[in-house]
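The values are calculated or read from the model by the stated rules, or taken from the named source; none is laboratory data. Note that this is a predicted model, so its numbers are computed, not measured. Using ideal geometry, Cβ is built from the backbone for each residue, glycine included, and neighbour counts are taken over all protein chains shown.
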């Protein structure tokens with residue numbers, strides 16, 4: 001058996017569950033069963049876990065943080081829009097952790113930290129929507145910060161404009 005075939009077979013070790021709609025231009029990259037009898041589906045455009053909050057999937061550019069713990073086989077994710085966090089124990093992870101990391105990283109165009117003082121901090125991130133190729137600016141305010149703080153808002157908007165200029169896009 002060729003190495004390419006065996007890698008592909010491991011990547012899609014679990015069939016894609018019925019009802020998972022794949023959009024035109026989207027491909028399934030990897031699947032893995034969870035200890036909770038769910039299936040994690042990694043596509044080119046989104047993370048899908050049928051039967052719960054991610055039944056329709058969430059696009060990769062909305063991932064704030066993701067973590068794979070090989071000791072516990074746990075995959076976790078938080079979202080920039082504060083949607084429900086996800087945590088799954090994968091029974092046979094296969095290529096899911098690698099594709100998860102690659103998909104999230106492929107959305108990041110530029111990042112800059114903004115710090116007014118020790119208490120007022122944020123990250124400005126230019127991210128690519130992998131389904132549309134559109135670049136979006138995201139401001140992720142540090143825990144405990146007021147997202148409406150006028151000085152922080154003004155500084156993050158200025159940074160977002162400057163980053164957009166760097167890639168030849170209007171802010």
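Data for the structure
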read-out	value
Given (1) without any contact (Cβ under 8 Å) to a residue 24 or more places away in the chain; (2) in contact with a helix residue (DSSP H, G or I) (Cβ under 9 Å, 6 or more places away or on another chain), number of the condition residue 158 does not satisfy	(2)
Candidates 111, 96, filtered to the one that is modelled with pLDDT of 95 or more, surrounded by fewer than 18 Cβ atoms within 10 Å (Cβ to Cβ) and more than 9 Å from the chain's Cα centre (by Cα)	111
Residue satisfying all of: in the range 40-56; at pLDDT below 95 and buried (at least 17 other Cβ atoms within 10 Å of the Cβ); nearest to residue 142 (Cα to Cα) among these	54
Every residue from the range 130-147 that is part of a loop (DSSP other than H, G, I, E, B) and either in contact with a strand residue (DSSP E or B) (Cβ under 6 Å, 6 or more places away or on another chain) or over 30 Å from residue 29 (Cβ atoms) (or both)	142, 143, 144, 145, 146, 147
Candidates 73, 69 - the one that is farther than 24 Å from residue 154 by Cα, modelled with pLDDT of 95 or more, surrounded by fewer than 20 Cβ atoms within 10 Å (Cβ to Cβ) and in contact with a strand residue (DSSP E or B) (Cβ under 6 Å, 6 or more places away or on another chain)	73
Subset tally (residues that are in contact with a strand residue (DSSP E or B) (Cβ under 6 Å, 6 or more places away or on another chain), under 21 Å from residue 135 (Cα atoms) and either in the same structural domain as residue 124 (by TED's automatic domain parsing) or not in a loop (DSSP other than H, G, I, E, B) (or both)) for the range 43-62	7
Test result for residue 111, in the same structural domain as residue 153 (by TED's automatic domain parsing) and in a strand (DSSP E or B)	yes
Residues that are surrounded by fewer than 16 Cβ atoms within 10 Å (Cβ to Cβ) and at pLDDT below 95, drawn from the range 116-131	116, 117, 118, 119
